[in-house]
Each structure stands twice: as C-alpha cells, then as structure tokens.
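Presented below is the structure to which this report refers.
The values are calculated or read from the model by the stated rules, or taken from the named source; none is laboratory data. Note that this is a predicted model, so its numbers are computed, not measured. All Cβ positions, even for glycine, are placed from backbone atoms using ideal geometry, and neighbour counts span all protein chains on display.
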Amino acid sequence: MPIKTKGIVPRTWRWIKRIFLFFFFLQFFYILILKWVNPPVTLTQLGSFFHGYGLKRNYVSMDAISPYAKLGVIASEDQLFPDHDGFDFKSIEKAMKHNQKSKSLHGASTISQQVAKNVFLWQGRSWIRKALEVYFTFMIEKFWGKKRILQMYLNISEMGKGVFGIDAAALNYFNKHAKNLNRMEAAMIAACLPNPKMYTIRPLSGHVAARYPWILNQMRHLQDDPDIIKLLQ
C-alpha cells in the first residue's frame, strides 16, 4: 500500500515555523528580562565548572562596584564604549588587516559584543556564532542601554580560573569587595581580561605586570570624559 505523502510537507513546514516562532519569542523575552534580572548561569560558567575550574561569582549592583573598576575595563577593553552602537568598525577593519598578514590573531570585540557572547552564546570561532553575536549585540544595545551592558560585563566576565565577575575577583585577589577596589587593583584585574587563565594576578604574570601601568595611564586620560563620567556614576 503506497504511503500517502500529500500534506506531510505542508504540515512539517507549519510545525517548523511554529517552533521557530516559539524560540524567537522565548529568546526575545529572555533578552528583555535580563535588563533587570541577572542570568542564572552562562555556558561559559558551566564550561568552567565542568572542566574542573569551579565557579566563583557574586552578582552586584553598579553602586557596589568601584568607579575605578568601571573605568579600568573601559580603558583596557573598549575606550569608545560610550560612543558606538555596539561595534567599533575601525578596530574591526584594523584587526582584519592584521590577521590577513599575521599568524597571531587580533580581536576587535567591544564590551557589548563580549557581553552578547558571554551571556547568550558559547566560546569558539565560527561564522554561525559570530552572526548570532552580531544579533545579540544589536538587541542589548537597543533594549538594555550602556549602563546595564557595563554592569553585566563586570558581573559575568571571567577574571581568573573559575572566577566570574568583579566582586568575586576582588575577594579572590585582594580580600575585599568590588566597591572598595582602588585604582591599581582595578587596573590589574582589567589587565587579565584578554586571557584570565593565562594572565594571572596571583602569581603576577608578566603580561599583567606590563599591562596594568598602561591601563592606569589610559584611565587618567579618560576619567574626565563627560560620557564616561555618566557611566561611572
């Protein structure tokens, strides 16, 4: 008896559309709710836990974070953060030119892009992940605003083996809460961000020792910028 296939394709297509719409509205709702609620866990945090690094974290409000910590990560990671819409196209172009000529890869991710990747996605390099990163970067810039993005960055970024967020880092390295970090301590934590498992604060790695004085100098240059001052308040 022949199998009736008429109608199977349209029904399958309808179900695919329903599933797509369900996940689209689910992720949209998740983006909106994270404007006020901290993520329960991220894929990067889960990866750290299952790889044996543990998971130390302590989400805190902006009022509980030293202005030096906020200024330090902007100076280190994304000095145009207050001015762009999520993407620094000049830095992206510069990185692409470098990567075409060199075996050492340079990134050009803004703070917003890093938040999009660390909150919603997985680590790694692929065109699919990059495309999703662009989408989530656009969405958080649209719906969260700069202060929330900076707060999220300071709370979910890996700052050591199994150490996530500025408060956990401050307690781990300096036995104090993030609110009490001084300028030098904030610069040292910011210096480890590109690769916190390799660029250690305790013991002090050569990279952090060389980079944090540069960050301190950049902090002095940026501290009077009106747009940055608004983010530090």
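A few comments on the model shown:
- Of all residues in the range 164-176, at least one satisfies being of a type in the set (D, E, K, R), farther than 19 Å from Phe81 by Cβ and touching a residue at least 60 places away in the same chain (Cβ under 8 Å).
- The range 116-128 residues that are among the β-branched types (Val, Ile, Thr), paired with ones that are modelled with pLDDT of 85 or more and part of a helix (DSSP H, G or I) (beta carbon under 7 Å, 6 or more apart): Val119/Met152; Val119/Ile156
- The set of residues in the range 39-63 being of a type in the set (A, V, I, L, M, F, W, C) and assigned to a loop (DSSP other than H, G, I, E, B) consists of Val41, Leu55, Val60.
Okay, residues lined up against (1) closer than 22 Å to Lys230 by Cα; (2) exposed (fewer than 11 other Cβ atoms within 10 Å of the Cβ):
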site	(1), (2)
Lys17	no, yes
Phe28	no, no
Tyr59	yes, no
Met62	yes, no
Ser76	yes, no
Gln79	yes, no
Phe87	yes, no
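- Residues of the range 147-194 satisfying the condition of being surrounded by 17 or more Cβ atoms within 10 Å (Cβ to Cβ) and among the charged types (D, E, K, R): Glu158, Asp167, Arg183, Glu185
- The residue that is surrounded by the most Cβ atoms within 10 Å (Cβ to Cβ), among those in the range 208-233 that are in a loop (DSSP other than H, G, I, E, B) and of a type in the set (Asp, Glu), is Asp225.
- Whenever a residue of the range 150-162 is in contact (Cβ under 8 Å) with a residue 12 or more places away in the chain, its partners that are part of a loop (DSSP other than H, G, I, E, B) and among the small types (Gly, Ala, Ser), lying with C-beta atoms within less than 6 angstrom and at least six residues away or across chains, give the pairs Asn155/Gly165; Gly162/Gly54.
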